[in-house]
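For reference, the structure is listed below as structure tokens.
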Amino acid sequence: MTRIVIVGAGTGGVVLANKLADELHAEIDAGDVAVTLVDESPDHVYKPTFLYVPFGKKTVADAKRPLTELVDRRVDLRIGRVTEMDTDAKTVGFADGSTLAYDYATVATGARLTPEEVPGLVEGGHHFYGPEGAEALRDELAAFDSGHLVLSVVGVPHMCPAAPVEFVLMADEWFRQRGLRDDVDITYTYPINRTHGLEPIAEWASERFAERDIRAETFFNAESVDPEAKVIESMEGTELDYDLLVAIPPHDGQPLIAEAGLGDDGWVEVDKHTLEAARAPDVYAIGDAADVPTSKAGSVAHYQAGVVAERLAGSVRDAVPTATYDGKTMCFLEAGMDEATFVDFDYERPPVVRDESRPVHWAKLAYNQSYWLTARGTL
Amino acid sequence: MSETITPDVTIDARGAGCPGPLMDLIGKIKKADPGTVVELQTSDSSSTTDVPEWVEKAGHDLLDSVEHDDYWSLYVEKA
Ligand SMILES: Cc1cc2nc3c(=O)[nH]c(=O)nc-3n(C[C@H](O)[C@H](O)[C@H](O)COP(=O)(O)OP(=O)(O)OC[C@H]3O[C@@H](n4cnc5c(N)ncnc54)[C@H](O)[C@@H]3O)c2cc1C
């Protein structure tokens, strides 16, 4: 019997488990293969929903579904927090002391937020990258009728490189619709010398920022926040006063990755094409947990899950796995409250940003709805 | 000269997608200890100007920049 264990039932983990259940259904039914999907929570969380929570367009409850509704019945679901991985003995260990043996393991544990890395940020900053943060920001925004809103991209890398740009464009329109825009200043800060890591997106964003009176402060890597004085200071020596600070917080991988020796700085070191862990045999990593040179985005986790499913199915059947990941990434970009655009690219093909339109905005919302079918493997 | 630089960390950002090689570099530098030498491999020609500009602004040291057949290696030491 071949035992496949997937740690983490987020976007990548659920898609992978369902693809394996589909691909290997005969082997699973015959008892030759077992697929176990592990998560510490019985609920699956779809994070892109959080972007809409601060503006009252979605609720945190909209982002959640029980895993049992999403996962194929051929997959064994196990709820528990994984605290260690022994890649020599080929076991994963749980918080309650139990262990689970594997022949193949996939790490799909995503990213966690670590705002405490920047002094003062926890006390002085808001964010929309998790459920509590998004709800607290919604209350703060509802009461905010004048002053300086600063959106600072602090964490590098961070999930969904499009979200900070989307947030300020949406905030601009939201304040306009409420007749408050003249009393609100908006500043966007970014770590490098332009408004986005990718030049085409930076150009697209800078043009819109200029049209909508959103100030951009580039080369700004936040070093500390003074919550009393309401000042954020950068490594490059710039200080900004704020009334409401919305930060994209620093991110890190799960501690078990470094502890298992799978990577030094929080993420699993992998081959960027095969997604095999560089430092342990028969271990893959997908999604935000994997250190590959592209976005930490749901679309990436999804495409990578397809690649690893094919490779694992090949290995189970004693075939040499040949499927590879080519860096394919797709991201929607909201340009305000009712128009959006999208970009797609891969390791070889640079992104092209099209003009925004209403249909693409509706496509993004429709995608977010149909996500629940995508994760199930229906779409 | 570059032949003698042995990086502590190598980032293969060749063919990197979003958000790009400089962001990959900043991510590593932030978590590295002072004195760490990072080699950034990049096939994106704008890195050869972006990276030195940021390195100077942030106060780190650009030790060398080496052009290979289809990519560049930029060696940066964290201050
Ligand atoms: C505000 C926001 C907007 C976004 N918008 C978009 C977008 O429009 N498009 C897009 O493509 N992407 C978007 N993303 C990014 C996207 O949500 C992530 O890239 C995606 O969820 C990554 O999937 P994953 O499977 O790697 O990790 P996750 O979906 O984060 O799942 C990780 C899972 O692992 C579990 N886990 C972690 N550690 C352990 C452990 N030790 N033991 C057991 N279980 C564990 C967690 O409980 C979680 O269920 C957005 C993200 C945010 C925050």
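The values are calculated or read from the model by the stated rules, or taken from the named source; none is laboratory data. If you're wondering where the values come from, they're calculated on a predicted model, not measured in any experiment. Here Cβ is always computed from backbone atoms with ideal geometry, including for glycine, and neighbour counts include all displayed protein chains. Keep in mind that these areas ignore ligands, DNA and RNA; they rest on the heavy atoms of the full protein, side chains included. Shrake-Rupley method; radii C 1.70, N 1.55, O 1.52, S 1.80 Å.
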Search result, residues across segment A:339-357 that are assigned to a loop (DSSP other than H, G, I, E, B), away from chain B (no Cβ under 11 Å) and free of Cβ contacts under 8 Å to residues at least 24 places away in the same chain: A:Glu339, A:Arg354, A:Asp355, A:Glu356
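With the requirement that a residue be open to solvent by less than 40 Å² (accessible area, probe 1.4 Å) and under 19 Å from the mean Cα position of the chain (by Cα), what does segment A:352-379 give you? Please lay out each step first, then the result.
Going residue by residue through segment A:352-379, those that are open to solvent by less than 40 Å² (accessible area, probe 1.4 Å) are A:353, A:356-357, A:360-361, A:364, A:368, A:370-372, A:374-375.
Answer for segment A:352-379, where residues must be open to solvent by less than 40 Å² (accessible area, probe 1.4 Å) and under 19 Å from the mean Cα position of the chain (by Cα): A:Lys364, A:Asn368, A:Ser370, A:Tyr371, A:Trp372, A:Thr374, A:Ala375.
Take B:Thr42 and decide whether it is open to solvent by less than 40 Å² (accessible area, probe 1.4 Å), hydroxyl-bearing (Ser, Thr, Tyr) and farther than 22 Å from A:Thr218 by Cβ.
Working: open to solvent by less than 40 Å² (accessible area, probe 1.4 Å): yes; hydroxyl-bearing (Ser, Thr, Tyr): yes; farther than 22 Å from A:Thr218 by Cβ: no.
So B:Thr42 fails the test.
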Of all residues making up segment B:12-50, the number that are part of a strand (DSSP E or B) and more than 8 Å from chain A (Cβ to nearest Cβ): 6
Applying the selection to segment A:226-242, what residues are in contact with a Ser or Thr (Cβ under 8 Å, 6 or more places away or on another chain) and open to solvent by 60 Å² or more (accessible area, probe 1.4 Å)? A:Glu233
Could you grab me the full set of residues in segment A:263-276 that are among the small types (Gly, Ala, Ser) and within 14 Å of the ligand (Cβ to nearest atom)? A:Gly266
Hey, B:Asp70 open to solvent by 20 Å² or more (accessible area, probe 1.4 Å) and more than 9 Å from chain A (Cβ to nearest Cβ) or not: yes
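Any chance you could count how many residues in segment A:178-202 are of a type outside the set (Phe, Trp, Tyr) and either within 17 Å of A:Thr294 (Cβ to Cβ) or within 14 Å of chain B (Cβ to nearest Cβ) (or both)?
Within segment A:178-202, residues that are of a type outside the set (Phe, Trp, Tyr) and either within 17 Å of A:Thr294 (Cβ to Cβ) or within 14 Å of chain B (Cβ to nearest Cβ) (or both) number 13.
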Scope segment A:215-269; condition away from every other protein chain (no Cβ under 11 Å), in contact (Cβ under 8 Å) with a residue 40 or more places away in the chain and part of a strand (DSSP E or B); matching residues: A:Ser224, A:Val225, A:Asp226, A:Ile232, A:Leu240, A:Asp241, A:Leu244, A:Leu245, A:Val246, A:Ala247, A:Ile248, A:Val268
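Among the residues of segment A:155-163, is there at least one that is within 23 Å of the chain's Cα centre (by Cα), within 14 Å of chain B (Cβ to nearest Cβ), within 13 Å of the ligand (Cβ to nearest atom) and modelled with pLDDT of 95 or more?
Within segment A:155-163, the first condition is being within 23 Å of the chain's Cα centre (by Cα), and the residues that meet it are A:155-163.
Going one step further and asking which of them are within 14 Å of chain B (Cβ to nearest Cβ), we end up with A:155-163.
With the extra rule that they be within 13 Å of the ligand (Cβ to nearest atom), the set shrinks to A:155, A:157-163.
Next, only the ones that are modelled with pLDDT of 95 or more stay: A:163.
For segment A:155-163, residues within 23 Å of the chain's Cα centre (by Cα), within 14 Å of chain B (Cβ to nearest Cβ), within 13 Å of the ligand (Cβ to nearest atom) and modelled with pLDDT of 95 or more: present.
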Neighbours by Cβ (under 6 Å, 6+ apart or cross-chain): first from segment A:28-48, in the same structural domain as A:Glu69 (by TED's automatic domain parsing) and part of a loop (DSSP other than H, G, I, E, B); second within 8 Å of the ligand (Cβ to nearest atom) and open to solvent by 30 Å² or more (accessible area, probe 1.4 Å): A:Glu40/A:Arg81
Enumeration of residues in segment A:89-143 that are touching a residue at least 40 places away in the same chain (Cβ under 8 Å), at positive phi and open to solvent by 20 Å² or more (accessible area, probe 1.4 Å): A:Lys90
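Residues are listed down the side, and each one gets a yes or a no for (1) over 17 Å from A:Pro255 (Cα atoms); (2) not assigned by TED's automatic domain parsing to the domain that holds A:Leu312:
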residue	(1), (2)
A:Thr59	yes, no
A:Thr68	yes, no
A:Leu77	yes, no
A:Asp86	no, no
A:Phe94	no, no
A:Val107	no, no
A:Pro119	yes, yes
A:Gly124	yes, yes
Every residue in segment A:277-330 that is in a loop (DSSP other than H, G, I, E, B), in contact (Cβ under 8 Å) with a residue 40 or more places away in the chain and within 13 Å of the ligand (Cβ to nearest atom), please. A:Ile286, A:Thr294, A:Ser295, A:Ala297
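Check whether at least one residue in segment A:116-126 is part of a strand (DSSP E or B) and more than 9 Å from the ligand (Cβ to nearest atom), and report yes or no. Give the steps one after another, and end with the answer.
Of segment A:116-126, the ones part of a strand (DSSP E or B) are A:126.
Then drop every residue that is not more than 9 Å from the ligand (Cβ to nearest atom), which leaves A:126.
Within segment A:116-126, one or more residues are part of a strand (DSSP E or B) and more than 9 Å from the ligand (Cβ to nearest atom).
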Extreme residue, nearest to A:Thr106 (Cα to Cα), among residues of segment A:20-45 that are within 13 Å of the ligand (Cβ to nearest atom) and surrounded by fewer than 20 Cβ atoms within 10 Å (Cβ to Cβ): A:Thr36
